[in-house]
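Just so it is clear, none of the values below were taken in a lab; they were calculated from the coordinates. Quick caveat: nothing in here was measured; it's all calculated off a predicted structure. We place every Cβ from the backbone using ideal geometry, glycine too, and count neighbours over all the protein chains shown.
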Amino acid sequence: MAFLATLGMLVLYASLFILVFGVPWAIYYDQTRIHIPPGIKHPGKLRLYHAILRFLGFWAIMCEKLGICHRYKALVTFYRAIPLKKSSALIIKNLLFEDIPVRVYWPKATSSGNRKGVVVISGGAGLFGNINMSDSHCCYIAETTDSVVVCIRFRLAPDHPFPIPVMDCCTATIHFLKNAEDYGVDPNRIAVYGESSGGTFATAVCQHLATKKDLPKLRGQVLIHPFLQAIDFNLPSYQQNHSVPILFKKRALMFGTMYLIGKRINVEGLMKNAHVPKHLWAKYRKWINPDYIPEEFKAGGYVPMDPAPFSQELYEICKECINPMFAPLLAEDDIIRQLPKTFLLTCEYDTVRDDGLLYKKRLEDNGVPVTWHHIKEGFHGITYGFGNRILEYPTLRSHFQHVICFLNNL
């Protein structure tokens, strides 16, 4: 009891400290460090969203410094406190798929046959993503596409670094494919959906299952501004949008390395591409090359840059970054050509925009049908406020209808 009382006092003091110092700091940081391009409509909405995230980040760091918990566990605690949505049109249950927690959403309306299935994988860089973040999306998809939706609660880094989170997603998806009819789903009409790092995981899941002969084939993949490669961090979108919220270039690399190896490292060398030896540059230039980015996306500014001198130490730390389960753009052609029809969403003011553009080209070059939707005023995380009256981006619903149309046509 004494320990709990002490812990409670620490949390109280931390919260008061954050309220007094964290909010002004977050506002100052937001106003002086970030870049809001003039092409982004409703910039105040983005500033508000980013200020909230900065405040949460400050709160999480203080929890770590006070010895309460790791900063990412603090963020997980916050996101799991987001209220789950109630829907009169759905039956919602928490289940286990091979010991992996999932949340399943069934439409209550009767169906003449088995429904489509959609596996949803949350974003959060493999560090703090969870079902609560995706709950509004899951309800909306289930209601508007008459699908059974499964959202996966995979394990998280740094306690469970790569490849554990993405393999949890593979395990749960395989279970769903094998047992689809038990959930009222046609096993041949299942798609995988993911946003941000969830899009990375969704891509990796589809590639992992592409060659498995003992499973039904996935019908589609929906990839919302995914991260897909860790070779070139100076593509046009990385240069143009390095300080556009919410995914700064440095922040993306810090999250990515924490997910990859489970600890923080200095990412300055990564930002200059010092982690890639010459033979890998030569090998992957056929897929990751700024020459393949349409000229219209270079208009915002692009200067070709040679990589910094190679660092063997940095390469040894991050050598798994060329694993296609981490960087799906590096999968071989014989895998790519077996992938299902794809919906790919990119945003103009997104650090990882060009990952999506390069993957679109690879899919098309290998005969995979691609439905591409580009949000010209979009930024990374534009979908995160979905269902929240204050934070939802005003044009988001109209853009999201392209996703719904794709799923309805599977």
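A few notes on this one:
- With both labels modelled 7 Å from their Cα along Cα-to-Cβ, the His35 to Ala109 distance reads 4.7 nm.
- Hydrodynamic analysis of region 56-193 uses the Kirkwood radius over alpha carbon pairs. Inserted into Stokes-Einstein at 20 °C and 1.002 mPa s, it gives a translational diffusion coefficient of 136 µm²/s.
- Taking region 261-282 and a reference point 7 angstrom along Cα→Cβ of Met305, the backbone N atoms nearer than 19 Å belong to 265-278, 281-282.
- Hz values of 3J(HN,Hα) by residue in region 159-166 - Karplus curve (6.51, -1.76, 1.60), Gly and Pro given as x: 5, 10, x, 3, x, 4, x, 5
- The shape of region 260-338 can be summarised by an equivalent ellipsoid whose semi-axes, obtained from the alpha carbon gyration tensor, come to 22, 20, 12 Å from longest to shortest.
- Beta bridge orientation in the chain: antiparallel %, DSSP, nearest 5: 30
- Rounded FRET efficiency, nearest 0.05, which uses the C-beta distance separating Asn408 from Ile91 and R0 of 25 Å: 0.75
- About the centre of its Cα atoms, the chain shows a dipole size close to 640 debye [charges on the beta carbon of Lys, Arg (+1) and Asp, Glu (-1) only; nearest 20 debye].
- Remark on Cys69: its backbone amide H falls under 5 Å from those of Glu64, a criterion applied only to residues 5 or more positions apart or on other chains, H modelled at 1.01 Å from N.
- Charge dipole of the chain about the Cα centre (unit charges at C-beta), most positive-ward option of Pro163, Ile317, Asn409: Asn409
- Euclidean distance of C-alpha centroids, region 175-248 and region 312-328, integer Å: 19
- For Gly123, the residues whose amide H sits under 5 Å from its own are Glu195, Gly198, ignoring neighbours fewer than 5 places away on the same chain, with H placed 1.01 Å from N.
- Residues His208, His175, His275 arranged by fewest to most Cβ contacts within 10 Å: His175, His208, His275
- The amide H of Val222, built 1.01 Å from its N in the peptide plane, has Val192, Tyr193, Gly194, Phe343 as neighbours under 5 Å, considering only residues 5 or more places off or on other chains.
- Candidates Ser243, Ser398, Ser134, ranked by Gaussian network fluctuation over the chain, Cα under 10 Å, top entry: Ser398
- Full-extension gain in nm, Phe78 to Lys286, via 0.36 nm per residue minus C-alpha separation: 70.7 nm
- Fewest-first ranking of Val303, Val118, using other Cβ atoms within 10 Å as the exposure measure: Val303, Val118
- Computed from backbone phi, the HN-Hα couplings of region 80-96 come to 6, 8, 5, x, 7, 6, 9, 9, 6, 8, 10, 9, 10, 9, 9, 10, 10 Hz, rounded to whole numbers (Karplus: 6.51 cos²θ - 1.76 cosθ + 1.60, θ = phi - 60°; Gly and Pro given as x).
- Most mobile listed residue (Pro43, Pro290, Pro236) in the chain, GNM with C-alpha springs under 10 Å: Pro43
- For region 402-410, backbone phi angles converted through the Karplus equation (6.51, -1.76, 1.60; θ = phi - 60°) give residue-by-residue couplings of 5, 5, 4, 4, 4, 5, 5, 8, 6 Hz, Gly and Pro being listed as x.
- Environment charge of Leu410, counting only residues whose C-beta is closer than 13 Å and scoring Lys/Arg +1, Asp/Glu -1: +4
- Radius, Kirkwood style, for the chain when every pair of distinct Cα atoms is counted (Å): 21.9
- The residues neighbouring Ala172, those whose beta-carbon lies less than 10 Å from its own, together hold a net charge of -2 under the Lys/Arg +1, Asp/Glu -1 convention.
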